[in-house]
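Notes to accompany the following structure.
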Amino acid sequence: MKRASASLLAVGLIFVLGQPAIAQEAWRDHVTGFTAKLFGHVNDAHGQRNYFWAKKLAVIDHVTLDDDVIFAAAYLHDVGSVEGWQVEGQEHGDTAASKLDQMLAGTDFPKEKMDRVREAMRTHMFYRTPGDSPEARYLHDADALDNVGTVGIAWLLEAVNTDPKGSGLTSTRAIQILTNDAPKIEAGTVTPAGKAEMATRIAERKAFMEQLSRETDGFKAF
């Protein structure tokens, strides 16, 4: 009997028990399209930066991350904070973790990696102790870093100027966040590279606040 050709084998693989197989969407394309539509530019860029910085910090510390896990967690960790995905009374990282199956439904994401993504999502905030996995630890630090320093200031002020629902995020509130809340975030890093980078960003925030205070009569004219 002659060997079946590669094309015939490919056709045969389409069917399982006589039923056509359901094609699964490439999960990374799905994630980037999903977050771009859900978040818009400001928060979608936050996910991109978290992915970039988690990997960069890990390289500095000579730590290997699973790229599938860190990509999915970095882009999807804040979905639980978005209207339509929120669960009242539940922390948004927990919500995102609980709805990960829903976010990745119909894609080819490796199922055996889902729990590691969930762990990183649950513990990404500065006020939580990160999970034991390297992905959880480096996402935790990347997320904290993105909320302080020059990028954190730029992100905050952009949010002030584009606040569509009048949620009270005024320039005055921004000053309060940068003065009172930022130090709590800055204390949250746990990895060696994260702590070193945080020192740089603390200096950036302090320099900005000193200049802004000088130029606005102690923030009175801001």
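Values quoted throughout were computed directly from the atomic coordinates according to the rules given, and no laboratory measurement underlies them. For clarity, every value in this text was computed on a predicted model and none was experimentally measured. Reconstructed Cβ throughout: ideal geometry from the backbone, glycine too, with neighbour counts over all protein chains shown.
For the reader, a short list of remarks on this structure follows.
- Reach of Lys184 by Cα under 20 Å, taken over aspartates and glutamates that are not fewer than 8 positions away in the same chain: Asp78, Glu91, Asp141, Asp143, Asp146, Glu197, Glu204, Glu210
- Pairs over the 30 Å Cα-Cα cut-off, from the set Lys113/Lys195; Lys111/Lys195; Lys56/Lys99; Lys56/Lys113: Lys111/Lys195.
- Cα-Cα pairs of the range 27-215 separated by more than 29 Å (percent): 21 percent
- Other residues within the sphere of radius under 12 Å centred on the Cβ of Asn50, judged by their own Cβ, net out at -3 (K and R +1, D and E -1).
- Calculated FRET value between Trp85 and Val160, using beta carbons and R₀ = 22 Å, to 0.05: 0.40
- Ordering Leu212, Ala120, Trp53 by Cα displacement along the dipole of the range 27-215 toward the positive end leaves Leu212 in first place; charges were set at the Cβ atoms of Lys, Arg (+1) and Asp, Glu (-1).
- Along the range 76-89 the Karplus relation, 6.51 cos²θ - 1.76 cosθ + 1.60 evaluated at θ = phi - 60°, assigns HN-Hα couplings of 10, 5, 9, 4, x, 9, 8, 4, x, 10, 5, 10, 4, x Hz to successive residues, with x for each Gly and Pro.
- Ascending count of other beta-carbon atoms within 10 Å, so fewest first, for His92, His46, His124: His92, His46, His124
- Listed by Cβ neighbour count within 10 Å, with the fewest neighbours leading, Leu139, Leu104, Leu38 appear as Leu38, Leu104, Leu139.
- Positive-end residue of Asn180, Leu156, Gly89, charge dipole of the range 61-198 with Cβ unit charges: Asn180
- Put in order of Cβ neighbour count within 10 Å, fewest first, the listed residues Tyr127, Tyr138, Tyr51, Tyr75 become Tyr127, Tyr51, Tyr75, Tyr138.
- 3J(HN,Hα) along the range 196-205: 5, 5, 4, 4, 5, 6, 4, 4, 5, 5 Hz, from the Karplus curve 6.51 cos²θ - 1.76 cosθ + 1.60 with θ = phi - 60°, whole Hz, x for Gly and Pro.
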